[in-house]
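Everything below concerns the one structure shown next.
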Amino acid sequence: MYGGKDHDKAGEIANQVLKNVRNKVKVGASLAEICDQIEKEIVDLGAQPAFPCSVAVNEYAAHYAPLFGDKLVVPENSIAKVDFGVHIDGYICDCATTVNFNPALTHLEKASKESLKAAVEIVKDGVTIAELGNTIHRVMRENNASPVFNLTGHSMDQHMIHAGLSILNHENNVQTKLTEGMVVAIETFSSTGAGYVHDRGRPGIYSIINPKNVRNAAARKILSHFYTERKTLPFAERWLHKIESSSFAIQNALRELGSFEVIMPYPPLSELTGAMVSQHECTLLVEKNGFHIIGGDYP
Ligand code: CO
């Protein structure tokens, strides 16, 4: 569902934050500090993060929200994907861009950028998942890259980042259509390898999927705080340290919430063979004869 003025405002804020990304993502900059700054900027501009900011470097494709105390920095010669979401009253603009420090990966960056542009340009009521996937895959190939096969774009709804429809980034024959009034995020991931990602490392992102009573005190505190504030929108492990000082209590609480399936973890996603990945993403409204860009890195 499209949220009108609030939605467009979320998009404008996302675009403003995107403009400043390159001032923050520099070789040697701390990933945790970049994410803290981006999330703070979203709040300062009058919105809320729709999910924790992720800075995924090199073979990491997505869901790299630094853990509390994470010391990782942007490495030399790396390619960094910055993915964040902005929401106002649950109306979400999901967007991502790539900052590339490796001259040998220019084609990879171009592949995700131009395939996004080509896909967006054919969006209108009735366009199929097949037409979108085939377009994206063709542009990837023209740029000597492979799409990431198991990462997709998605439809969105109020307070809901994934509303059921997946927009495949590869050749397919799915005849499901985008229809007028849908809000979708198209996110293209290009890879120098075979293009498959898998879970790797400790999750820095969680969402509440089933808010039920638990005994553990810290778990109750986390649940009541984030469910009140964000409903099911994801939160970062890093954010928990603002409401609970003991790391030990936090880890116990996460374990308990996980074992009762109250929360769902989103671990970092990295390319299976260690190949490099680039990403671009924007959010748009599907219209009768075209599209309306809400926000994001749309060239
Ligand atoms: Co997305």
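Worth a mention:
- Here the simple spin-label model places points 7 Å from the Cα toward Cβ, and for residue 68 and residue 247 these points are separated by 0.9 nm.
- Calculated from backbone phi, Karplus (6.51, -1.76, 1.60) coupling profile of the range 221-230 in Hz, x at Gly/Pro: 5, 4, 4, 5, 5, 6, 5, 5, 7, 10
- GNM top mover of 199, 89, 44 - the chain, alpha-carbon springs below 10 Å: 44
- GNM flexibility winner over the chain from 214, 74, 86 (Cα, springs under 10 Å): 214
- Helical content of the chain, expressed as a calculated mean residue ellipticity at 222 nm, amounts to -10500 deg cm²/dmol (DSSP H runs of 4 or more residues, -39,500 (n - 2.57) each, divided by residue number, nearest 500).
- Averaging 1/r over each pair of different alpha-carbon atoms in the chain and inverting the result gives 19.2 Å, the Kirkwood hydrodynamic radius.
- Partner lysines for residue 81 [C-alpha distance under 20 Å; skip if fewer than 8 residues away on the same chain]: 19, 24, 26, 40, 71, 110, 113, 117
- Rounded, prolate or oblate (a/c below 1.5 giving rounded, otherwise prolate when a/b exceeds b/c) for the range 205-266 by Cα gyration tensor: rounded
- Sites residue 231 and residue 166, calculated FRET efficiency, Cβ-Cβ separation with R0 35 Å, nearest 0.05: 0.95
- Compared with the dominant principal axis of the Cα atoms in the chain, helix 129-142 is inclined by about 80°.
- Rounded Å value of the spacing that divides the Cα centres of the range 15-61 and the range 164-224: 19
- Nearest 10 degrees, 0 to 90: helix 106-121 Cα axis against the chain principal axis: 80
- Residues 38, 88, 294 arranged by fewest to most Cβ contacts within 10 Å: 88, 38, 294
- Taking Cα centre as origin and charging only the Cβ of basic (Lys, Arg, +1) and acidic (Asp, Glu, -1) residues, the dipole magnitude of the range 205-266 rounds to 120 debye.
- About its Cα centre, the range 1-69 has a charge dipole of approximately 180 debye under the convention of +1 per Lys or Arg Cβ and -1 per Asp or Glu Cβ, with nothing else charged.
- Reported to the nearest whole Å, the Cα centre-to-centre distance from the range 263-299 to the range 126-161 is 9.
- Only the Cβ atoms of Lys and Arg (+1) and of Asp and Glu (-1) were treated as charged; on that basis the dipole of the chain about its Cα centre amounts to roughly 520 debye.
- Backbone phi angles across the range 48-65, fed through the Karplus curve with coefficients 6.51, -1.76 and 1.60 (θ = phi - 60°), yield HN-Hα couplings of 10, x, 6, 7, x, 5, 10, 10, 9, 9, 6, 6, 6, 9, 6, 6, 9, 9 Hz in residue order; Gly and Pro are listed as x.
- Between 78, 191, 259, the residue with the greatest mean-square fluctuation in the GNM of the chain (Cα pairs under 10 Å linked by springs) is 259.
- Residue 79 long-range amide H proximity, modeled H, under 5 Å: 58, 101
- The range 61-184 shape via C-alpha gyration tensor axes, a/c threshold 1.5: oblate
- Paramagnetic label zone (point 7 Å from Cα along Cα-to-C-beta, residue 260; backbone N under 20 Å) in the range 187-228: 206-228
- Placing pseudo-labels 7 Å out from each Cα toward the beta carbon at residue 23 and residue 77 gives an inter-label distance of 3.1 nm.
- Counting only alpha carbon atoms, the long axis of helix 4-24 and the longest principal axis of the chain meet at about 90°.
Taken together, the values in this text are just the output of simple stated rules run on the coordinates, not laboratory data. Every value quoted in this text rests on a predicted model; they were computed, and no experiment measured them. As a convention, Cβ positions derive from the backbone with ideal geometry for all residues, glycine included, and neighbour counts pool all protein chains shown.
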